[in-house]
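See structure below.
The values are calculated or read from the model by the stated rules, or taken from the named source; none is laboratory data. This structure is a prediction, so every number in the text was calculated from the model and none was measured. Methodologically, a virtual Cβ is constructed for each residue, glycine included, from the backbone with ideal geometry; neighbour enumeration extends over all protein chains shown. Areas reflect the complete protein model, heavy atoms only, side chains present, ligands, DNA and RNA absent. Shrake-Rupley method; radii C 1.70, N 1.55, O 1.52, S 1.80 Å.
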Amino acid sequence: MPRFAANLTMMFNEVSFMQRFEQAAEQGFEAVEYLFPYAFEAGDIANELKRHDLQQVLFNLPAGDWEAGERGLAALPGREREFRDSVETAIRYARTLNCPRVHAMAGVAGEGADPAAMQDTYLENIRFAARRLQEEGIMLLLEPINSRDMPGYFINHQHEAHEVIETLGEPNVRVQMDFYHTQIMDGDIWTTFEEYREGVGHIQIAGVPERHEPDTGEVNYAWLFEQLDRVGFEGWLGCEYKPRGETTEGLGWFKPWRR
C-alpha cells in the first residue's frame, strides 16, 4: 500500500510550523517531510515527531540564501566549502530526527555561468556528499525540477539525474522523482518511472499544472497510486502540493489511503 508523507512546508499552513505535526497525524499521515528544518532546534522537532508517532522521511540540505533566490549549492563553482559545511549541518539534524534521506539542491545558473564548470562542480560535490552520508547510513537524493517554476535550475529532466547516478556509481544516491516536475518536463509518467525505477528513492506528488491536490488537473493519480501498489513500491510519496484552500478540506483524495 502506498505510504504518504505530508509536506509541512506546503500543507497545514493554517497553523505554525511546529503545530503542523499534530495536524498531519490527526489527518492520518504516518510521516512528514519539508524543505528545511534549520530555523528550529532539531530536538524540538524530534519531540513533535515522537509525540505524534510520525516518521521524518526527508528534508533538504541548506540551499544558500533562499530569500535572495538561491536554490541550492551543489553545482555552484566557488561555493564548495559552503556546500561541504551544509552536508555536516544536514547530518546533525538527520541524526537527531532519525531521517534516512536528504536532498541536495543543485542550484540556479547565474548570468554567464559555465555549464561545463557547473557539471564538474556538481559531480564532485555530489560524490563528496554521497560518501560522507554513506558513513552515516543516509541516502542522498537528486531532484530534477521543472524549468517553468524554477528557471535556470541546473537539472531538469529525469535522464539527467540518472546519468549522474550512473557516472558516480555511489551506492546511496537515488533520484527524488517528483511526478509534478516529471509531467511538465518529460510526460509519460508511468513509463518513465518504470524505466528508472531502480534508481528512484523517493516520490513526490502534486496536481498539474497548478500544483494543487493530486485529484485536480491532468494527471490520473488514483491510477498511478494503484500501479505503485501493484508493483510493490516501498518508498514514500511526499505530498508536496499547494492546497487550494484549507488543507483538511482538500484531503478527500487521501481517505482511501490514510492510516
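Under 5 Å between amide hydrogens, built in the peptide plane, is the criterion, and for PHE12 it picks out THR247 among residues at least 5 positions away or on other chains. Cα-based values for the chain, radius of gyration first and Dmax second, are 17.4, 50 Å.
Looking at the stretch 1-130, the DSSP beta bridges with both ends there are about 10 percent antiparallel. Packing around the peptides 175-181, 158-164, taken as the average count of other Cβ atoms within 10 Å per residue, puts them in this order, highest first: 175-181, 158-164. Per-residue 3J(HN,Hα) values for the stretch 25-41, derived from phi via the Karplus relation 6.51 cos²θ - 1.76 cosθ + 1.60 with θ = phi - 60°, read 5, 4, 8, x, 7, 9, 8, 9, 9, 5, 5, 9, x, 6, 7, 10, 6 Hz in sequence order (x marks Gly and Pro).
Give me the Debye-computed log₁₀ of I(q)/I(0) at q = 0.12 Å⁻¹ for the stretch 190-259, equal point scatterers on Cα only, no solvent, two decimals. So the normalised log intensities are -0.33.
Pull out a ≥ b ≥ c, the square roots of the eigenvalues of the alpha-carbon gyration tensor of the stretch 1-148, then state rounded if a/c is under 1.5, prolate if not and a/b is larger than b/c, and oblate in the remaining case. It is prolate, given that a/c is not under 1.5 and a/b is the larger ratio.
Taking amide H positions as modeled 1.01 Å from N, with prolines and chain starts lacking one, the residues under 5 Å from GLN204 and 5 or more places away or on another chain are MET177, ASP178, PHE179, GLY238.
Residues in the stretch 228-240 carry Karplus couplings, in order, of 4, 5, 4, 8, x, 4, 9, x, 9, 10, x, 8, 9 Hz; the curve used is 6.51 cos²θ - 1.76 cosθ + 1.60 with θ = phi - 60°, and Gly or Pro positions show x.
With a ≥ b ≥ c taken as the square roots of the eigenvalues of the C-alpha gyration tensor of the stretch 106-232, please select rounded if a/c is under 1.5 and otherwise prolate if a/b is larger than b/c or oblate if it is not? Judged from the Cα gyration tensor, the stretch 106-232 comes out oblate (a/c at least 1.5, b/c at or above a/b). Accessible area per residue for the chain is 44 Å², calculated with a 1.4 Å probe on protein heavy atoms, without ligands, DNA or RNA. Taking Cβ atoms as reference points and 15 Å as the exclusive limit, the residues near ALA109 contribute a net charge of -3, counting Lys and Arg as +1 and Asp and Glu as -1.
Only helices enter this figure: runs of n ≥ 4 DSSP H residues, each worth -39500 (n - 2.57), summed and divided by the residues of the chain, yield -11000 deg cm²/dmol at 222 nm to the nearest 500.
The accessible surface of the chain, taken with every protein chain in place and a 1.4 Å probe, is 44 percent carbon and sulfur.
Contact order normalised by length for the stretch 32-73, with contacts defined as Cα pairs under 8 Å and 6 or more residues apart; what percent is it? Mind showing how you got there, number by number?
Values: 32 pairs, mean separation 18.1, N = 42.
Contact order relative to length: 43 percent.
Summary value for the stretch 110-259: 17 percent relative contact order, contacts being C-alpha pairs under 8 angstrom separated by 6+ residues. For the stretch 3-250, the relative contact order is 19 percent, taking Cα pairs closer than 8 Å that sit 6 or more residues apart in sequence and dividing their mean separation by the residue count. Scalar couplings 3J(HN,Hα) for the stretch 105-115, obtained by applying the Karplus form with A = 6.51, B = -1.76, C = 1.60 to θ = phi - 60°, are 6, 6, x, 9, 5, x, 4, x, 5, 9, x Hz; x denotes Gly and Pro.
Could you sort 136-144, 194-202, 120-128 so that the peptide with the highest average Cβ count within 10 Å comes first and the rest follow in order? Before the final figure, lay out the partial values.
On the way: 136-144: 20.9, 194-202: 15.9, 120-128: 19.0.
Peptide ranking by packing, descending: 136-144, 120-128, 194-202.
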